[in-house]
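Reading through the structure tokens given below for one structure.
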Amino acid sequence: MDVLERTVRSHGPKPALRVKRNGGWKTFTWNEYRQQVRQVARAHLSLGTRPGQGVCVIGYNCPEWFFANVGSIYAGAVPAGIYTTNSPEQCEYIASHCEASVVFVENQTQLAKFLTVRGNLPHLKAIVLMQGEAGQPGVYTWTRFLELGLNSTEADLDKRMAAQSPDAMATLIYTSGTTGTPKGVMLSHDNLTWTAQAAAGLVGGRADDHVLSYLPLSHIAEQITSLHGPMNFGACVTFAESMEKLGENLREVRPHYFLGVPRVWEKIQEKIAAVGAKNPPIKKKISAWARRQGLAGGYAEQQHVAKSPMYAIANALVFKKVRKQLGLDRARIAVTSAAPISRDTLEFFLSLGVPICEVYGMSECTGPATVSLPDSYHTGKAGFCLPGAELRIADDGEVCMRGRHVFMGYFKDAEATAEAVDKDGWLHSGDIGTIDEKGFLQITDRKKDLIITAGGENIAPALVEGYLKGIPVVSQAVVIGDRQRYLSVLLTLNAERIKQDAESCGSGACDPESAARDERFLGFLQRQIEAVNSRLARVQAVKKFKVIPQEFSIEGGELTPTMKVKRKVVTEKYKREIDQLYS
């Protein structure tokens, strides 16, 4: 709250938020941002929302999402974002668990989810439709909800705000449920403000910066990146129109820093590769030469040694054009986080003069635990400890962190909290990793995802999967083998690459379905996997594979909204295919 008030005093008439509506850009200044936030908060007071009571927000990124979230915090309520892909049952669970008094929904699609379950939500007083007209009882339009604020005063709101403390719960972040029922991560005002300020300082945030908001706001990474971070230094946040228009919006906004989850970077890589494959021979030769210079120069930069003079030529001929085409020509830093990313993807962008800085963290530490920066990064490593916090590796290899970014605990779950945070305040991440002599963290696997083969060997599937995803035609890889004699893998394929590889091996495959059945193409894949096996220890070698003829997806249940693979769902859904691998 103090952060927004301070920023408004410094940057009041400057643009804070931009959204495209009716074909044109609508801008909210910081003064208007504050006015909307306080009006939301006063409406809560008029409705009787109690301090500490839950509020849910579901919808794609937009100004009203920000106003609803921050306005609820002003009123002393506790907002909880819900992924737009959640089912009515999942929405009901979160709203019931946090005892939501108000639910903000983006449109009729999200409204329908709550209309079917609101009879099971005894605490629910109102549903607010952020966009569109409402005709159902107990459902307010955005305008009508704001009008409720006229029934309370600014003095009433100031009193409610003054009663809050830095250590009080400010928001709930519900985990995506990769291993079971979502847990409510309690984050305090201090967690949010301290972490956002630390992150803003690292990226060198400035008031004239532009930020693009497009990842789910129910995830802490996007909240720190586009909500709490820019609020610290007065940057202007532009909301992407949709995931489908991300590329177009990137070129339009040209953000000064950009966060992409691994799947976003992989999709960009696939498109660049597809375009490059159509270039004439001379352009292909220039591109290949430039990429060699880029990769060598990127690694030289990491070792703090001089780049070849050829790098500057490659930059002028190729890299600058690529960055401009991507909309990253103004970006001071390009970041990946939220899930493991393959070394192949990291090196692909490094070879194009776009080093991707890895950030590691989790909801339970308010987002970042380690960070990489353009002048301090190592490809394949997750960065150094967030300044002001602590990081260590436990005796069993588990990554642990401690500091003001560590959460308050899990809402209504003291047992899970005690398992996550020990008596000395160390948060146990559940990830296995190492820290090198320069202080850089490398994550090797999930503690609970370790495969123990029938021979008693401990295998980190993420390591093997990273190598397999380096095969250009492979989009996803899930390694199987717990309690089995050997490892096998389920693969999904990059549809845009299939035809090119099929032609090279004399196959007639043209899409994932035909590739999964074509013996020549499967033989080609087998040779690629054997090449990967040659780089791994014998016990890590993959003996058999199965191509799944469709991509893993959020709708199909295999991916979380942040596009992490749900390993348990995959193994259950494709049990028949897995059984065939071991028959």
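Restricting to region 294-349, name every residue that is out of contact with any strand residue (DSSP E or B) (no Cβ under 6 Å at 6 or more places or on another chain), surrounded by 15 or more Cβ atoms within 10 Å (Cβ to Cβ) and of a type in the set (S, T, N, Q).
Q302, N315, S337, S342, T345
Looking only at region 319-345, which residues are under 15 Å from I356 (Cβ atoms) and charged (D, E, K, R)?
R323, R332, R343, D344
For S488, are the conditions met, namely being more than 28 Å from S87 (Cβ to Cβ), buried (at least 17 other Cβ atoms within 10 Å of the Cβ) and of a type in the set (S, T, N, Q)?
yes
If R483 satisfies all but one of (1) at pLDDT below 90; (2) surrounded by 15 or more Cβ atoms within 10 Å (Cβ to Cβ); (3) under 21 Å from K573 (Cβ atoms), what's the number of the condition it fails?
(2)
Across region 420-437, which residue is most open to solvent (accessible area, probe 1.4 Å) among those that are modelled with pLDDT of 95 or more and of a type in the set (D, E, K, R)?
K423
Take the residues in region 545-564 that are β-branched (V, I, T) and either farther than 21 Å from I220 by Cα or not in a loop (DSSP other than H, G, I, E, B) (or both), then tell me which one is farthest from the chain's Cα centre (by Cα).
Among those residues, the one meeting the criterion is V547.
Which of the numbered conditions does A516 fail, given that it passes all the others? Conditions: (1) small (G, A, S); (2) out of contact with any strand residue (DSSP E or B) (no Cβ under 7 Å at 6 or more places or on another chain); (3) within 25 Å of T345 (Cα to Cα).
Every listed condition holds for A516 apart from (2).
How about region 56-169: which strands (runs of 3 or more DSSP E) wholly inside it have at least 2 residues that are open to solvent by 10 Å² or more (accessible area, probe 1.4 Å)?
It comes to 139-141.
Just checking, how many residues over region 104-159 are among the basic types (K, R) and free of Cβ contacts under 8 Å to residues at least 12 places away in the same chain?
Adding up the residues that qualify gives 2.
Counting only residues that are in a helix (DSSP H, G or I) and either among the aromatic types (F, W, Y) or under 24 Å from the mean Cα position of the chain (by Cα) (or both), how many does region 399-426 have?
Residues in region 399-426 being in a helix (DSSP H, G or I) and either among the aromatic types (F, W, Y) or under 24 Å from the mean Cα position of the chain (by Cα) (or both): 3 in total.
Condition check: within 30 Å of T370 (Cβ to Cβ), of a type in the set (S, T, Y) and over 29 Å from the mean Cα position of the chain (by Cα). Does Y299 satisfy that?
The answer is no for Y299.
Regarding L192, is this residue in contact with a His (Cβ under 8 Å, 6 or more places away or on another chain) and either surrounded by fewer than 21 Cβ atoms within 10 Å (Cβ to Cβ) or aliphatic (A, V, I, L, M) (or both)?
yes
For region 240-259, give me each residue that is within 14 Å of the chain's Cα centre (by Cα) and either surrounded by fewer than 22 Cβ atoms within 10 Å (Cβ to Cβ) or part of a helix (DSSP H, G or I) (or both).
M243
Inside region 364-380, can you point out the residues that are touching a strand residue (DSSP E or B) at 6+ places or on another chain (Cβ under 9 Å) and surrounded by fewer than 23 Cβ atoms within 10 Å (Cβ to Cβ)?
L373, P374, S376, H378, T379, G380
So which helices (runs of 4 or more DSSP H) stay within region 427-544 end to end and still have 2 or more residues that are hydrophobic (A, V, I, L, M, F, W, C), touching a residue at least 60 places away in the same chain (Cβ under 8 Å) and under 30 Å from P368 (Cα atoms)?
Correct list: 461-468.
Please tell me if I451 is surrounded by fewer than 21 Cβ atoms within 10 Å (Cβ to Cβ) and among the β-branched types (V, I, T).
yes
State the number of residues belonging to region 219-237 that are β-branched (V, I, T) and open to solvent by 10 Å² or more (accessible area, probe 1.4 Å).
Within region 219-237, residues that are β-branched (V, I, T) and open to solvent by 10 Å² or more (accessible area, probe 1.4 Å) number 2.
Which of the residues spanning region 35-61 are free of Cβ contacts under 8 Å to residues at least 40 places away in the same chain and among the polar types (S, T, N, Q)?
Q35
Within region 177-234, track down each residue that is part of a helix (DSSP H, G or I), under 16 Å from the mean Cα position of the chain (by Cα) and of a type in the set (S, T, Y).
Correct list: T225, S226.
Starting from residues that are polar (S, T, N, Q), in a helix (DSSP H, G or I) and open to solvent by 30 Å² or more (accessible area, probe 1.4 Å), keep the ones in region 1-55 and report whichever is farthest from E147 (Cα to Cα).
Here the answer is S10.
The values are calculated or read from the model by the stated rules, or taken from the named source; none is laboratory data. Please read these numbers as outputs of a predicted model, since none were measured by experiment. With ideal geometry, Cβ positions are generated from the backbone for all residues, glycine too; neighbour counts draw on all protein chains shown. Quick note on the areas: whole protein, heavy atoms, side chains included, nothing else; ligands and nucleic acids left out. Shrake-Rupley method; radii C 1.70, N 1.55, O 1.52, S 1.80 Å.
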